[in-house]
1. Just grab the label-to-label distance for GLU130 and THR184, each label 7 Å out from Cα along the Cβ direction, in nm (one decimal).
2. Please list 3J(HN,Hα) in residue order for segment 63-74, calculated via the Karplus relation 6.51 cos²θ - 1.76 cosθ + 1.60 where θ = phi - 60°; whole Hz, with x for glycine and proline.
3. With 10 angstrom as the radius, rank SER136, SER10, SER167 by how many other C-beta atoms surround their C-beta, starting from the fewest.
4. So who's got an amide H within less than 5 Å of the one on LYS74, skipping anything under 5 residues away but keeping other chains? H placed 1.01 Å off N, in plane.
5. Which of the aspartates and glutamates could be linked to LYS74 by a straight reach, that is with a Cα gap under 17 Å, when you skip same-chain ones fewer than 8 residues away?
6. Give me the extension gain from ARG142 to GLU109: residue separation times 0.36 nm, minus the current Cα-Cα distance, reported in nm with one decimal.
7. Multiplying the sequence separation of VAL118 and LYS72 by 0.36 nm and subtracting their Cα-Cα distance, what value in nm do you get?
8. What's the exposure ranking of VAL92, VAL118, going from fewest to most Cβ atoms within 10 Å?
Amino acid sequence: MYHELFRHASFWAFLFSVDEDLAKATREAGCPCGGRLHGANFPRKPRGVREKLPESYRYRLSFCCERDGCRKRKTPPSARFLGRKVYLGAVVVLVAAMRQGPSPRRVRELNELLGADVRTIARWRKFWCEQFPQTSFWKVARGRFVSLAMADLPRVLLEAFIHRHDSREDWERLLRFLSPITITGGLAIGGHS
Ligand SMILES: [Zn+2]
């Protein structure tokens, strides 16, 4: 089962290393004003897994421009945090996809394991069915997926990316793919379809 992987601290540590990569690229790009970026992480209290998460999950990597008069914030994409939400991206994808299955028992099991209540899961469903398909990100990206029904989100993403349930690399590809929606403006509604 997918969620077996979530029980291993090494999986969460691995995703943190992906975030460090993404942050490095952001930092090297610098501020559009030409200023350098310095660390200004956001505190986070992630929910969605019962297991004890590494310390690194207490914050989301972020930067501020160090130039006076600019001080603009720049937050890199993340493979861990989906938008401003405190739930972990992997959990949001997995639970929402499982919810599409026919079995309420499965949902209850996931509840117990991952700690997301029914209301939260319903919100995620809404996100995948209504908000996500409208984004510019998805309108461009969906070309990669053939014959896709909206009702299949996010399950279709799991099927496309995760070939072995316990493969970190597969999860990395999926979460990297989704990472553009984790930054400000990433969930902007697209103009064309
Ligand atoms: Zn700046």
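Coordinate-derived values only; no laboratory data. Quantities reported herein were computed from a predicted structural model and do not represent experimental measurements. Every residue, glycine as well, gets a Cβ built from its backbone with ideal geometry; the counts of neighbours run over all protein chains shown.
1. 2.6 nm
2. Calculated HN-Hα couplings, in order: 9, 10, 5, 8, 7, 4, x, 10, 6, 5, 8, 9 Hz.
3. Numbers: SER136 18, SER10 10, SER167 13.
The order, fewest Cβ neighbours first, is SER10, SER167, SER136.
4. The answer is PHE63, CYS64, CYS65.
5. ASP19, GLU20, ASP21, GLU28, GLU66
6. Fully extending the segment from ARG142 to GLU109 adds 8.8 nm.
7. Once the chain is fully extended between VAL118 and LYS72, it gains 12.8 nm.
8. With the fewest neighbours first, VAL92, VAL118 line up as VAL118, VAL92.
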